[in-house]
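Contents: one structure, followed by commentary.
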Amino acid sequence: MIAPVNTRVSTGATGGGTLAPDGAADADSTRDRLLAAASEVFGEKGYDGTRVQEIARRAGLTTGAIYANFSGKADLLLEAVRQYVGEQLDELLKGDTSKRSTLDLLADLGTDLATSTDRVASELLFEAFAGARRDAQVKRFLSAQFKSDDNRLHEVIERIRDEGMLADEIDIDTAVRFCYALMVGVLVLDSMGFDPPNRDAWATVIHRVAMSFASGSPGRPST
């Protein structure tokens, strides 16, 4: 899937890409250009409406450069999702909790997700959801990715429990599902053209919700 490290794509006067011997740095630069262009085109035209020729043209390269680095359109989308979406949980898991609880960090992540002005990651993930309906490769990737993220979110919420901040009656599997529901809901609203909410107002709501999970908070009323 990834081009050999001893090749690069060099750009001539016409902007097309041709393979030439070189190091990994130039190959990485070519991949970055293609991923950036793919992110733009997927956001503008959607997964079904995107053609690899348009991605290559936007990157100033040829379709040969795409197929030297990726297996096709689905591979480009999935690599773009990995690059732009995967950073959020990574930042959470390696966050410094010496001064702030993991529950606070999780609430901050929920705030960032809904109020970010950089919509690249959300647009890519939404297109991946749409593509999964008709593309088996995209569907398999999303299933594997969500299982991986599921484990990482479990780690985060287990850490909250270990810190004594998660009420005993909160089921961890259900809490993880709640996080996914929040994320997907934000993606849907964004795709419909809703503006992000006011950050301070959203932060107030999401922190109140997060704190309701905390140990010592009142449980669900009896029915």
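No lab work stands behind these numbers, since they all come straight from the coordinates. Note that the coordinates shown come from a computational prediction; the quantities given were computed from them, not determined experimentally. We place every Cβ from the backbone using ideal geometry, glycine too, and count neighbours over all the protein chains shown.
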Most to least packed among 57-64, 142-149 [average Cβ atoms within 10 Å]: 57-64, 142-149
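Which of the peptides 190-199, 45-54, 107-116 is most tightly packed, and how do the rest follow, going by the mean number of other Cβ atoms within 10 Å of each residue? Show your work: numbers first, answer last.
Values: 190-199: 12.0, 45-54: 15.2, 107-116: 19.0.
Highest-to-lowest ranking by the protection proxy: 107-116, 45-54, 190-199.
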Per-residue ³J(HN,Hα) for segment 56-71, Karplus 6.51 cos²θ - 1.76 cosθ + 1.60, θ = phi - 60°, Hz, x for Gly and Pro: 4, 4, 5, 7, x, 10, 9, 5, x, 5, 5, 6, 7, 10, 9, 7
With N set to the residue count of segment 86-212, report its C-alpha Rg divided by 2.2 N^0.38 Å to two decimal places. 1.09
